[in-house]
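The values are calculated or read from the model by the stated rules, or taken from the named source; none is laboratory data. Just so it is clear, the structure is predicted and the values come from calculations on it, not from any experiment. When we count neighbours, we look across all protein chains shown, and the Cβ atoms used for this are built from the backbone with ideal geometry, even at glycine.
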Amino acid sequence: MWAKDWREKIWSQIGQPWDVLVIGGGITGAGILREAARAGLRVLLVEQRDFAWGTSSRSSKLVHGGLRYLATGQVGITLTSVRERENLLEDGPGLIDPLGFLMATHRGAKPGRLAYGAGLAVYDLMALQWSHRYYSAEEFRMLVPHIAGEDLQGGFRYEDAQTDDSRLVLRVIQEAAADGGAALNYVAADELLFKDGEVVGARLRDHITGETAEVLAKAVINATGAFADQLRLQVGAEARIRPLRGSHLVFAAWRLPMAQAVTFVHPLDGRPVFAFPWEGVTLVGTTDLDHEAPLTDEPGISPYEVAYLMAAVAQQFPARGLTLDDVVATYAGVRPVIGTGRDDPSKESREHVVWQENGLLTVTGGKLTTFRAVAVDALRMIHERLPDMPSVKTDVPVLNPVNIELPGSLSETVRRRLLGRYGADAPDLVNAAQPGELECIPGTLTLWAELRWAARAEGVVHLDDLLLRRVRLGLILPNGGAALMPRFRQICQPELGWDDRRWDAEEAAYLRLWESCYSLPPRSDIPDWTAMLAAARAAVKPKKRRFTHAFVLLVILAGVVLLARARRRAASNQ
Ligand SMILES: Cc1cc2nc3c(=O)[nH]c(=O)nc-3n(C[C@H](O)[C@H](O)[C@H](O)COP(=O)(O)OP(=O)(O)OC[C@H]3O[C@@H](n4cnc5c(N)ncnc54)[C@H](O)[C@@H]3O)c2cc1C
């Protein structure tokens, strides 16, 4: 798909009648493209910016059932997510890997050990496993040496998983392309086309060449995430999306070392927050606030969110004495949540929705983790428009198995990483490496060879595509990797075929973008989080979440689920 002339090739065939046009190149669109291509449909995906430019490169990167969704009674999404997590762990080693989660319990605090234990029992049972365990305070401190000691009673460990979100999108698109799907970045669907009041296609605009084209398809799918209302308004539907921003701080791992994730309740509002290791750094997130800025502007963390997350780490890991100087980078994403007008954004449901409106199928909400289930749902909904479509298969791996040998003598960690992130392209990546490029870029787990390969063969249009989404150096290196830019240039400029002027302009634009959206806001604007914490301590008791009765209900539900699953298994074994 990403051969040198891939754009021209797809664009030259754009006028053909398509079975499915997918608008939006995040994980939702990528998943639909993948399943449509698997079903043998002629499918085209267009993304107005870069693949995964939207929320799908800005998530917490967890492939999880979502214990917190369970706590708020969103059982359906937890069940589906747990099942999908298990599938992804099996199919995508090196891209989706297990991650232990640690959760402390404190004397006199609510929810307490009993409620957490009940919730985790349900969570495990949903995956038909028993991975959680309780540790005494002494044992727990060995797992998280920096945790606040006050009233520590002990804590649980349970298992979830994590991924590299934009690499997941790319791998799904790559596998769809291998099955005949077509995908273009920097092509926007500006306007929907109608026949007899029904959507039959879209007018597309290539942001690189300025060319436009009218594309007809039997089914048009709106997978534009938080942007979904923009196309829905064109079919006369009412706006329903409540864009909610979630932001993260990225810390140098040596300042906030973590072997596994730690999840805890925020001291200011009782929301669950996480600190976890990812790609050699430590991420802390997330927030959940109404996002008022235009969606077309790249989102960035606000000064209040910085203080909110600093308050969380200050309270949970006081011995580390973390300051703003320890923050390597920040990032923010916008959740496409269906608004019901609740005061507390965190109470809005995270379930996905599929709406059929005058021939436009909108698929939004949901999670990264559940992308395949969402895609299957979407394809089933368009079945009547494509009566010859074979029934959607769900008994196939989500990601193609990659049982290939890699050349040379690579460590098992590197082998897993390359096969997971690059799939069938991994051998070509290794073969393209120049001497010394199979080593890690200092301070990261990324190989120099990944940079060369991405520049050569992964549809990079701008430098931020390369440094923020093909590899994640912009999120993990200080100043977006500015100090290593000469070496990046030496490797990538010839691969990208850019002259010096183009490189200089791209580098300047990337560093400006990094400064405005991936670094800290002006320090003078960031509220004093120690004062925020002191005020919260002085005020009444911290808000208690009403977990307990939900958990009791869920324990009962777990029994029902277990029974149903056991019966289904027994039936399928017969
Ligand atoms: C802070 C945060 C943390 C999260 N953490 C997790 C997590 O740990 N695990 C998890 O499972 N989920 C998580 N999620 C949820 C998950 O990230 C999202 O549900 C998912 O990424 C949404 O994918 P999407 O494809 O629907 O939307 P997006 O990724 O936003 O993709 C939509 C794309 O459509 C494009 N587009 C818009 N309009 C047009 C147009 N007219 N023409 C062409 N293209 C267009 C946009 O540019 C965009 O790239 C998190 C979300 C947030 C915000």
Could you grab me the full set of residues in region 506-526 that are within 13 Å of GLY481 (Cα to Cα) and assigned to a loop (DSSP other than H, G, I, E, B)? SER519
Scanning region 1-42 residue by residue, those of a type in the set (A, V, I, L, M) and within 18 Å of GLY423 (Cβ to Cβ) turn out to be MET1, ALA3, ILE27, ALA30, LEU33, ALA37
Mind checking which residues of region 172-202 are under 21 Å from SER57 (Cβ atoms) and part of a loop (DSSP other than H, G, I, E, B)? GLY181, ASN185, TYR186
From the option list HIS64, HIS106, single residue qualifying as farther than 26 Å from LEU466 by Cβ, near the ligand (Cβ under 9 Å from one of its atoms) and touching a residue at least 40 places away in the same chain (Cβ under 8 Å) is HIS64
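Residue-by-condition table, conditions (1) buried (at least 22 other Cβ atoms within 10 Å of the Cβ); (2) within 14 Å of the ligand (Cβ to nearest atom); (3) among the small types (Gly, Ala, Ser):
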site	(1), (2), (3)
LEU152	no, no, no
ASP164	yes, yes, no
ARG171	yes, no, no
ALA188	no, yes, yes
ALA202	yes, yes, yes
ILE208	no, yes, no
GLU211	no, no, no
THR224	yes, yes, no
ALA253	no, no, yes
Hey, any hits in region 255-270 for a residue that's within 21 Å of VAL169 (Cβ to Cβ) and within 13 Å of the ligand (Cβ to nearest atom)? no
Any chance you could count how many residues in region 269-283 are modelled with pLDDT under 95 and in a loop (DSSP other than H, G, I, E, B)? 3
In the list ALA505, ALA449, ALA455, ALA482, which residue meets the criterion of being within 27 Å of the chain's Cα centre (by Cα) and within 25 Å of THR209 (Cα to Cα)? ALA455
Go through the residues of region 390-409 one by one and say whether even a single one is over 25 Å from THR286 (Cβ atoms), within 16 Å of the ligand (Cβ to nearest atom) and in the same structural domain as ARG171 (by TED's automatic domain parsing). no
I'd like to verify a number: residues in region 190-200 that are within 15 Å of the ligand (Cβ to nearest atom) and either farther than 19 Å from LEU386 by Cβ or not assigned by TED's automatic domain parsing to the domain that holds ALA223 (or both), how many? 2
Residue that is more than 9 Å from the ligand (Cβ to nearest atom) and buried (at least 23 other Cβ atoms within 10 Å of the Cβ), where the choices are VAL20, VAL46: VAL20
Say whether the condition of being touching a Ser or Thr at 6+ places or on another chain (Cβ under 6 Å), within 15 Å of the ligand (Cβ to nearest atom) and assigned to a strand (DSSP E or B) is met by at least one residue in region 91-99. yes
Of the listed residues (ALA36, ALA30), the one being within 8 Å of the ligand (Cβ to nearest atom), in contact with a helix residue (DSSP H, G or I) (Cβ under 8 Å, 6 or more places away or on another chain) and touching a residue at least 12 places away in the same chain (Cβ under 8 Å) is ALA30
Every residue from region 238-251 that is within 14 Å of the ligand (Cβ to nearest atom) and farther than 30 Å from GLU357 by Cβ: SER247, HIS248, LEU249, VAL250
Within region 100-131, track down each residue that is in contact with a helix residue (DSSP H, G or I) (Cβ under 9 Å, 6 or more places away or on another chain), assigned to a loop (DSSP other than H, G, I, E, B) and surrounded by fewer than 20 Cβ atoms within 10 Å (Cβ to Cβ). LYS110, GLY112, ALA127, LEU128, GLN129, TRP130, SER131
So in region 508-528, with the set limited to residues that are within 19 Å of ASP464 (Cβ to Cβ) and small (Gly, Ala, Ser), which one is farthest from the chain's Cα centre (by Cα)? ALA508
LEU231 surrounded by 19 or more Cβ atoms within 10 Å (Cβ to Cβ) and part of a strand (DSSP E or B): no
Do we find that THR394 is surrounded by 19 or more Cβ atoms within 10 Å (Cβ to Cβ) and not in a helix (DSSP H, G or I) in this structure? no
Note on VAL363: of the conditions (1) over 30 Å from ARG380 (Cα atoms); (2) outside the structural domain of VAL144 (by TED's automatic domain parsing), unmet is (1)
Quick check on region 484-519: of everything there that is of a type in the set (Asp, Glu) and crowded, with 17+ Cβ neighbours inside 10 Å, which residue is farthest from LEU473 (Cα to Cα)? GLU495
Being under 23 Å from GLN234 (Cα atoms), at pLDDT below 85 and within 16 Å of the ligand (Cβ to nearest atom) is the filter; apply it to region 339-364 and report the residue that is surrounded by the most Cβ atoms within 10 Å (Cβ to Cβ). HIS352
So LEU192, is it more than 26 Å from the chain's Cα centre (by Cα), buried (at least 18 other Cβ atoms within 10 Å of the Cβ) and touching a residue at least 12 places away in the same chain (Cβ under 8 Å): yes
